1. For the condition open to solvent by 40 Å² or more (accessible area, probe 1.4 Å) and over 30 Å from residue 368 (Cα atoms), what is the one hit in 709, 654?
2. Out of all the residues in the stretch 660-681, which are of a type in the set (Ser, Thr, Tyr) and more than 11 Å from residue 384 (Cβ to Cβ)?
3. Output the qualifying pairs, or none if there are none: Cβ atoms under 9 angstrom, residues six or more apart or on different chains, first residue in the stretch 646-658 and more than 20 Å from residue 598 (Cα to Cα), second residue of a type in the set (Ser, Thr, Tyr) and surrounded by 13 or more Cβ atoms within 10 Å (Cβ to Cβ).
4. So, residue 661, is that one open to solvent by less than 10 Å² (accessible area, probe 1.4 Å), assigned by the TED database to the domain that holds residue 479, more than 29 Å from the chain's Cα centre (by Cα) and not basic (Lys, Arg) or not?
5. Restricting to the stretch 146-196, give me the number of residues that are part of a helix (DSSP H, G or I) and of a type in the set (Ser, Thr, Tyr).
6. With the checklist (1) in a loop (DSSP other than H, G, I, E, B); (2) of a type in the set (Gly, Ala, Ser); (3) at negative phi; (4) assigned by the TED database to the domain that holds residue 500 in hand, flag the one item residue 455 doesn't pass.
7. Look at residue 101 and say whether it is part of a loop (DSSP other than H, G, I, E, B) and either under 22 Å from residue 168 (Cβ atoms) or open to solvent by 30 Å² or more (accessible area, probe 1.4 Å) (or both).
Amino acid sequence: MLSRPIAFAQIWKSWFSSHSLIGNKNIILMGPPGAGKTTVGRIVGQKLACPVIDIDDDVLETTWNMSVSEKLQDVGNEQFLEEEGKALLNFSASGSVISLTGSNPMHSAGMQHMKKNGILVYLDVPATVIMSRLQSVKVDRIVGQSPGTSLKDILQFRRQFYKRWYDIRVLCGGDIAAEDVAEKVLDAVKRYQNSEMETFTSTRSSRSGKSVGKRSHKYFSDVVIEGLAPDGGLFVPEKGLPKFTAGEWQSLIEVTYIERAQVMLERCIHPVDIPASNLAKIIGTAYGENFTCSKVAPVRHLAGNQFLLELFHGPTASFKDFALQMVPHIFAYCIPRSCNYLVLVATSGDTGSAVLDGFSRLDGTDRQRIAVLNFFPEDGVSPIQKSQMIGCQKENAWSIGVKSDFDFCQTAIKQIFTNSDYTGFLTVEYGTALAAANSINWARLLPQIVYHASAYLDLVHQGIVSFGSPVDVCIPTGNFGNILAALYAKMMGIPIRKCICASNENNVLTDFIRTGVYDLRGRKLIPTFSPAVDILKSSNLERYLYLIANEDGQVVTQLYNQLENQGHFQLQKDLLDKLQQDLVAGWCSEEDCLAAIHSVYSTTGYILDTHTAVAKVVADRLQDRTCPVIISSTAHYSKFAPAILRALRIAEINQNPLSQLHLLSSYSPLPPVHWGLLDTLKKKGNEDHQVCAADMSMLMSHIEALIQNHFM
């Protein structure tokens, strides 16, 4: 038995915690009829020891002196919504838990009034569950349902209103108990009230804060703007990524890609950084009309147990569009209005056109204060990729070819960011700060996690697997960002068994995953048909090593210092064992890559791009066929027309990129030639771009010249 002083202290602590959670604010529960708002509201109120108000019982019926059903019958649907809204406008409360009616969110003025002093919590219950609950209590009509409109249709119609108003979404999938929903509501409100729960640290910071750099609190907005940590490490969330329950994942099986993205990113981005309503606009803009396929990232059966995750339906025809149609809008939302920003990018091919296209789509005001400069290896990308990057140049977006390889471009940008004298000079002299849009930026990774999760949910939806059954994923890997996103999806609860890392002849990652030795000594970059994989220093590997090193930045720092100074490092056995639980790796020769393209086209009529062919070859060798394997199709074959035409054994190849695409199109391939590429290549002036030597001072002078031309 507790002693009296201890018992009193615990009671006081409990009361203070509950009171401080909401203070004078209301927790306002919102959702469709049958979502459990009233029951959950009572439980939350009991836990917080605060008043509970049910709008139906305690406000509407008291105001009208009649039941809700009688009022509806008396005035009809449209007038009922108006009368209901008026009642909300005349209602006030503080420090209470309030359960709205299912139709309250359809009255704009009433909801604006409620939102002024409340945190709106949306109980998001799958439509199938709502239908089942309503049928069990013999409800077949609800407010706003006109003759000839089904219950399912009216529930779907109402979702737009719930989405418009909520501050917090609570997923309520399956047969979750009201008590558990109440706990989720309280946890969500605590998160909403305390943004300091979600801070970021560097992969090179020690737990004590005494190593490479002190641990300082950085928030999502900070890491989006800063890109690279001051100590040279990469930003990661201090408490890791959120984990979804099986029921929460299952509630996303029936919904659209955009809805899945919204739910997942809400849990990864604190609403203080980007409120749910703003995030919804960003996601809708990114994945709406800009993608040619309504499914955004469809999964297509290839053969046997192999499935293709098609990631090339965006405007620039590669997986980079998933992040780079969204990141510019996130960046524009997060940055302060008092400064101009120049975004620096290094690309091995696909990132360049994607980042140029994404930032050029910002509205006029944002284009004036945000510009992007893309460095690419002048002779290290395909002719179509180069034409595309040059063709995507706009008033705030430029490309410069560098007479070197991707590793030089990427290293140069890292050195520029960590040169505080130079970045300080740009800020003082020109009022311009630098930012990064490469996959070292945390905001680049988050949208990639979504499509790996969505691919699995699509397989469940198609009946290929039941939820919980494992899949493997095989990903052509250069900078390690895409495969890291798959590993993050696994951490968040998607049952991925193995991530298969597919390399081309630049197979440093294959050797590393097999042996634990990362060795760049004596290695020369080999130009291949799959240029996005032509990388020797894989930046995002650092984030994964930080994870398996139990988030010990000192270990990561030692490894990367050794790589920088000696050209190699070796993992200890315990770290290699952890790595090999997640990853297997293989590589593909140029001949095997072309042979795979020819073989798949001959048997299916489908054309793989060169990167997807690399993954296909490696998947054939390493996957044991005991579960499905999802192969990431990271680019459209149109970007690599010469290699594709060679693989298809077409003898006469015109050197003009546009002619090459027309020739491919004449074969009526699956999928069709990419419309965005055709449009870009038809533009005049694609040959105009600047080229510079592989010299840091030259790159820095180009940066200054661009700043002067655009911002001054």
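The values are calculated or read from the model by the stated rules, or taken from the named source; none is laboratory data. If you're wondering where the values come from, they're calculated on a predicted model, not measured in any experiment. All Cβ positions, even for glycine, are placed from backbone atoms using ideal geometry, and neighbour counts span all protein chains on display. In case anyone asks, the SASA skips ligands and DNA or RNA and just uses the protein heavy atoms, side chains included. Shrake-Rupley method; radii C 1.70, N 1.55, O 1.52, S 1.80 Å.
1. The match here is 654.
2. The answer is 665, 666, 667, 668.
3. From residues that are more than 20 Å from residue 598 (Cα to Cα), the pairs are 657/382; 657/387; 658/387.
4. yes
5. 3
6. Against the list (1) in a loop (DSSP other than H, G, I, E, B); (2) of a type in the set (Gly, Ala, Ser); (3) at negative phi; (4) assigned by the TED database to the domain that holds residue 500, residue 455 comes up short only on (1).
7. Spelling it out, residue 101 is indeed part of a loop (DSSP other than H, G, I, E, B) and either under 22 Å from residue 168 (Cβ atoms) or open to solvent by 30 Å² or more (accessible area, probe 1.4 Å) (or both).
For (1) in contact (Cβ under 8 Å) with a residue 60 or more places away in the chain; (2) open to solvent by less than 20 Å² (accessible area, probe 1.4 Å); (3) assigned to a helix (DSSP H, G or I); (4) assigned by the TED database to the domain that holds residue 637, each residue gets a yes or a no:
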{"residue": "542", "(1), (2), (3), (4)": "yes, yes, yes, yes"}
{"residue": "550", "(1), (2), (3), (4)": "no, no, no, yes"}
{"residue": "555", "(1), (2), (3), (4)": "no, no, yes, yes"}
{"residue": "564", "(1), (2), (3), (4)": "no, no, yes, yes"}
{"residue": "577", "(1), (2), (3), (4)": "no, no, yes, yes"}
